[in-house]
Amino acid sequence: MFSLPGLILLGLFLILPFVFAIYLSFTNQKLASPLPVRWVGFDNYHRVLTDGDFWRAFANNLLFAAVVVPVQTGLALWMAILVNKRIRAAKVFRAIFFLPVVVVMTVAAVIWFLLLDPNRGLVNGFLGAITFGAVEPGWLQSTLWAMPAIIIISIWQGAGFQMIILLAGLQDIPQELYEAASIDGATKRQQFFYVTLPQLRNTLIFVITITMILAFRLFDQVWALTRGGPLNSTDTVMVQLVDTGFERKQIAVASAIAVIFFVVVLSLTLIQRIFLKEERS
Amino acid sequence: MRKLSRGRIVALLGTIGVAATLTACGGGSDTAASGGCDGNIDAGAGITVQWHQGAEAEVKAVQQMVKSFNASQSDVKATLKLVPEADYATSLGGQADSDSVPDVVDTDASKAFTYAWSGDLQPITNCVSDEQKAALLPSIVRQGTYANQLWALGMFDSGLAMYTTKSALKKANVRTPSLEEPWTAEEFTAALGEFKKAGYSKPLDLKKNYGQGEYYSYGFAPIVWSSGGNLLSDDYSTADGELNSDAAVKGLTVFQSWFKSGYVGDNTDDNDFLSGRSAVSWVGHWTYNDYKAKFGDDLLVVPLPDFGEGPRTGQGSWQWAVGSNADADAAWKFIEYTLQPEQQKIIATASGAIPAVTAVAEADPKFGPGGDLELYVKQHEEGISVPRPTTPAYNTVSNAFNQAIQDIIDGRDVKESLDDAVKTIDQDIQDNDGYPDPS
C-alpha cells in the first residue's frame with residue numbers, strides 16, 4: 001500500500017513508455033510525418049542487426065566497458081583507501097578527488113577539448129616537452145586516440161563518485177578486525193587482501209555493476225566532443241539511438257535499438273550477478 | 001541494489017519511450033496543407049512570433065521590430081517568443097508533434113519543408129502580391145518554394161566566399177581571382193602550397209571548429225555542385241548517381257587532399273585567419289564585420305574555387321513561415337512589415353547579411369557596385385548560388401551529407417563515404433513513400 005504512489009510514478013514514466021517503445025519498434029512510426037503508421041513486424045530489428053554501424057558502436061561500448069570498469073574501480077578503491085587514512089590533508093584530497101564529479105560533463109568536455117587540442121593543448125604540450133616531441137597523439141581528431149581520450153575523461157570524471165561509495169564501505173569495516181589481524185602478525189598487504197577486500201565485497205559488486213551500466217550508457221562526453229567520430233571510432237549505441245530517433249526522426253528504428261540494448265544490458269547484468277554473488281547476512 | 005540497477009536501465013530507455021509517446025499522440029492529428037490568406041484579419045488577432053535566439057544583435061533587432069510593428073498599427077498584436085538556437089530544431093520538432101507551432105515561426109532554410117510536409121505550416125502563396133515577390137532577390141523566393149507553393153520568406157539571404165588579404169596574395173605571388181575568373185581547383189590547391197611556403201602554417205581556414213552539422217552541408221555542398229554533381233536528382237527522388245557521381249567524388253577528393261597535405265587548420269580558437277596562421281578563410285557573410293575590423297582595406301572577398309562547372313555558393317538563411325493554426329492574414333501582416341525598407345536596413349546591419357529586398361541591398365554601399373560584398377549580391381543575381389534541396393527529405397540529406405564530409409575530412413575513402421550517404425538518403429526517401437507532395 002505504501003509503495004503505491006511510487007509504483008504509479010514508475011508505471012507512468014518508466015514502464016508504460018518502455019511498453020510503448022516495444023510497441024513502436026514493430027511499426028514505422030516517425031517524428032513529424034503525415035503518413036499513416038503501419039505494422040512492419042521485425043523489419044526494424046532486421047535493419048538494426050544488419051547495420052555495420054550498430055555493431056561498430058556496440059563493439060566500442062564493449063571496449064569502453066572492458067577498460068573503464070576495472071581501471072575506474074581500481075582507481076576509486078586506491079583513492080578511497082588513501083583518503084581513509086588518518087593523515088592531515090585527507091579531507092583536502094577527498095574534496096579534490098570528488099571535484100570532477102560535481103562538474104557537469106558537458107562543461108568538463110569543453111575544457112578537455114581545449115586541453116587535448118593536438119597542436120596547442122596543454123596535454124600535448126606537456127607530452128611533447130618530456131618526450132622531445134616524440135609522443136604527441138592526435139587525441140580527439142585521430143581514429144586511434146579518440147577512444148582512449150574519451151576513456152581518460154570518463155575515468156577522471158567518474159572515479160570520484162565510486163570513491164565515495166567505497167569510502168562509506170571502508171568506514172563500515174570494524175576497526176577490531178584490523179587490530180585482531182595486526183595482533184596475529186598480518187602485514188598491511190595481508191590486511192588489505194584478507195580483511196579489507198572480503199569486507200568490501202558487497203560494496204565492490206555494487207560499484208562494478210553500476211559502473212558497467214554507466215559505461216554502456218556512454219553518451220554525454222561523446223556527444224559533446226566527437227559525435228561518434230572520427231570515422232565511428234567513438235560511436236556508441238546511445239549516440240546511434242539519439243541520432244536515429246531525433247536527428248533522422250526514425251523513432252521506430254530507435255525504439256528497436258532501445259529494446260535490443262535493454263536485452264543486452266540486462267543479460268550482461270544477470271551474467272555478472274551469477275558470477276559475483278552478494279553475501280546476504 | 002537490484003532495484004537501482006534495473007531502474008537505471010529502465011529510466012534510460014524510458015526517456016526514449018516518453019518521446020515516442022508524444023509522437024504517437026501528436027502524429028495523427030495533422031491535416032494536409034490548406035489555408036493561406038483570405039484577405040481578412042480576424043478581429044482582435046494576437047500572434048506569436050518565434051525567433052531563434054542566436055546572434056545578440058539580431059535578437060535585439062527582432063525585438064525592436066516587434067515593438068515598432070505593434071506601435072505602427074492596431075489590427076494585430078504580436079508577441080515575441082525566443083527559443084535558444086542550440087535547441088531550436090528539437091523545440092520546433094516538439095511543437096510540430098504537439099500541433100502547437102507558433103503563428104509566425106522562423107526556420108532554417110530548407111528545414112522548413114519538413115514541417116510543410118507534415119502539415120504544421122500553411123502556404124503563403126496567396127498572401128504575397130506579384131510586386132512584393134518581384135522586389136525580392138530571386139534566391140529568397142526560390143528558397144521558400146516547395147511543391148509549387150510558397151511556404152517561407154527570409155528577411156535576408158546568406159552567401160559563401162573566401163576571405164583573403166591583398167598582402168597575403170602579394171607575399172605568396174598568387175593572382176587575385178574574380179567572379180569572372182575564379183581560381184580553378186588545381187590553381188587554388190597550388191596557391192595553398194605557395195601560401196605555406198610563404199610562411200602561413202595552416203594556409204586554409206575551413207571553420208573546422210563549427211564541427212559537423214548544418215554548416216558542413218551548407219559550406220561544402222558548393223564543391224559537389226561546382227564539380228557537376230548534385231545532392232539529389234532534379235526530382236528529389238534519389239541521391240544515387242548524383243551525390244556519389246564521379247564528378248562529386250573528384251571534387252571532394254581535391255577537398256580531401258587539402259587536409260592530407262596539412263593545409264587546413266583546426267581553428268579551435270576560431271582565430272586561424274585573424275591571427276595570420278591562415279591566408280584564406282572559406283566561410284559565410286557573417287564573419288565580414290570581424291575580418292574588416294582587423295584587416296581594413298587589405299581584406300579581399302573572392303569567390304569559392306571553380307571545380308569544373310564554374311564557382312557555386314550556398315544560399316538561404318533563416319526564414320519566416322506561418323504555422324497551420326494561425327490566421328494567415330494576421331501572420332502575413334507581420335512578415336510583410338519585416339520586408340519594408342526601414343526594417344530591412346535594421347536587420348541587415350544587425351546580421352551583416354544580404355537584405356532580401358533587392359533595392360535595399362543595392363542601395364547599401366557595402367553590397368553595391370565596387371563594395372566589398374558586391375560579390376554576394378552578384379552571386380545571387382547571376383545564378384551562382386544554389387538552394388539546398390527544397391524538399392522534406394533535406395533534413396536527412398543534410399545529416400547524411402555532413403556525415404560524409406566529416407568522414408572525408410577524417411581520411412575515409414571519398415567514394416565509400418558518399419555511397420554510405422546515398423544509402424542513408426535513399427532509404428529515408430523510401431521509408432517516407434517518396435515524400436508525396438501535400439495536397
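The values are calculated or read from the model by the stated rules, or taken from the named source; none is laboratory data. Small disclaimer: the values here were computed from a predicted structure and weren't measured. FYI the Cβ positions are ideal-geometry reconstructions off the backbone, even for glycines, and counts take in every protein chain you see.
A few notes on this one:
- Matching entry among A:A21, A:A80, A:A32, A:A57 (being farther than 16 Å from A:V253 by Cα, crowded, with 19+ Cβ neighbours inside 10 Å and touching a helix residue (DSSP H, G or I) at 6+ places or on another chain (Cβ under 9 Å)): A:A80
- Screening A:V71 on (1) within 14 Å of chain B (Cβ to nearest Cβ); (2) assigned to a helix (DSSP H, G or I); (3) surrounded by fewer than 21 Cβ atoms within 10 Å (Cβ to Cβ) shows it passes everything except condition (1).
- At least 2 residues being facing chain B (nearest Cβ under 9 Å) and crowded, with 18+ Cβ neighbours inside 10 Å is the threshold, and among the helices (runs of 4 or more DSSP H) wholly inside segment A:192-281 those reaching it are A:197-216, A:237-242, A:251-275.
- Residue within segment B:176-188 that is surrounded by 15 or more Cβ atoms within 10 Å (Cβ to Cβ), away from chain A (no Cβ under 14 Å) and out of contact with any Pro (no Cβ under 8 Å at 6 or more places or on another chain) present: no
- Filter result (of a type in the set (G, A, S) and within 14 Å of B:D431 (Cα to Cα)) within segment A:1-44: A:A32, A:S33
- Screening B:V76 with (1) at pLDDT below 95; (2) over 20 Å from the mean Cα position of the chain (by Cα); (3) surrounded by fewer than 17 Cβ atoms within 10 Å (Cβ to Cβ); (4) not small (G, A, S) gives one miss only, at (3).
- Note on segment B:142-164: residues that are within 15 Å of B:Q379 (Cα to Cα) and not hydroxyl-bearing (S, T, Y) total 8.
- Residue count, segment B:58-93 (criterion: touching a helix residue (DSSP H, G or I) at 6+ places or on another chain (Cβ under 9 Å) and either assigned to a strand (DSSP E or B) or charged (D, E, K, R) (or both)): 11
- The condition of being assigned by TED's automatic domain parsing to the domain that holds B:V377, surrounded by 18 or more Cβ atoms within 10 Å (Cβ to Cβ), closer than 29 Å to B:A363 by Cβ and at pLDDT 90 or above does not hold for B:L92.
- Of all residues making up segment B:360-402, the number that are in a helix (DSSP H, G or I) and charged (D, E, K, R): 4
- Per-region count, segment A:218-233, residues farther than 18 Å from A:V103 by Cβ and not polar (S, T, N, Q): 5
- Restricting attention to segment A:115-142 and to residues that are of a type in the set (A, V, I, L, M) and touching a residue at least 12 places away in the same chain (Cβ under 8 Å), the residue that is farthest from the other protein chains (Cβ to nearest Cβ) turns out to be A:V123.
- Per-region count, segment B:116-140, residues under 23 Å from B:A221 (Cα atoms) and either within 14 Å of chain A (Cβ to nearest Cβ) or touching a helix residue (DSSP H, G or I) at 6+ places or on another chain (Cβ under 6 Å) (or both): 2
- All conditions in (1) part of a helix (DSSP H, G or I); (2) within 10 Å of chain B (Cβ to nearest Cβ); (3) within 30 Å of B:W117 (Cβ to Cβ) hold for A:V48, with the sole exception of (2).
- Residues in segment B:332-356 that are under 15 Å from B:L373 (Cα atoms) and not in a helix (DSSP H, G or I): B:G352, B:A353, B:I354, B:P355, B:A356.
- For segment A:128-140, a residue qualifies if it is of a type outside the set (F, W, Y), assigned to a helix (DSSP H, G or I) and within 27 Å of the chain's Cα centre (by Cα), and exactly one does: A:L140.
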